[in-house]
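Novice: Supplied in structure tokens, the structure appears directly below.
Taken together, the values in this text are just the output of simple stated rules run on the coordinates, not laboratory data. Nothing here was measured: the structure is a model prediction, and the numbers come from that model. Cβ placement follows ideal geometry from the backbone for every residue including glycine, while neighbour counts extend to all protein chains displayed.
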């Protein structure tokens, strides 16, 4: 199949599953990249957006739309996050040195079949971050 013939768009939704222990799980999303085996990586987001993952449990939250993604197959989405904060139903918030970020805050979502960006079309991807597996207290 042809690779890199024109550009497509990516719509990214972020969600997280429920947790019994916390009323908020806040993270700062610093960067999101699309990674391919045979195309250059594409930074689709760079900044500092604070997100409460638990507020996204029941809905798909459109995080961003990125246009101008080179058409082709990407196998990984990498999120770089920082400043996690867990707010329990009872007691003090847990943050800073009390929390261990897996892989220095790099969360990789790998697709066995790949994410196919098709020129002139928009690919929608829903990321379920699953903070309880990605961030350890």
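Novice: Tell me whether segment 3-43 comes out rounded, prolate or oblate; compute the Cα gyration tensor, take square roots of the eigenvalues as a ≥ b ≥ c, and use a/c under 1.5 as the rounded threshold. It would help to have the intermediate numbers written out before the result.
Specialist: Values: a/c = 3.41, a/b = 2.84, b/c = 1.20.
Since a/c reaches 1.5 and a/b is larger than b/c, the shape of segment 3-43 is classed as prolate.
Novice: Further question on the same structure: Would you calculate a helix-derived [θ] at 222 nm for the chain, using -39,500 (n - 2.57) for each DSSP H run of n ≥ 4 and dividing by the full residue count, to the nearest 500? Walk me through the numbers before you get to the answer.
Specialist: On the way: 1 runs with 4 residues, N = 137.
Mean residue ellipticity at 222 nm (helix-derived): -500 deg cm²/dmol.
Novice: Please give the FRET efficiency for residue 35 paired with residue 93, using the beta carbon to beta carbon distance and R0 = 30 Å, rounded to the nearest 0.05. Mind dumping the intermediate values first?
Specialist: Numbers: r = 33 Å, r/R0 = 1.10.
Using R0 = 30 Å, I get an efficiency of 0.35.
Novice: I've got another one for you. Any idea how far apart residue 21 and residue 83 come out in nm if each label point goes 7 Å out from Cα toward Cβ?
Specialist: 2.3 nm
Novice: Roughly how many nanometres apart are two label points built 7 Å out from the Cα toward the Cβ at residue 128 and residue 76?
Specialist: Calculated label separation equals 2.2 nm.
Novice: Report the dimensions of the chain along its three principal axes from the alpha-carbon atoms, largest first, rounded to Å.
Specialist: So the extents along the principal axes, rounded to whole Å, are 55, 28, 26.
Novice: Related question: Give me the percent of DSSP beta bridges within segment 7-128 that run antiparallel, rounded to the nearest 5.
Specialist: Details: 36 of 43 bridges.
Expressed as a percentage, antiparallel bridges in segment 7-128 total about 85.
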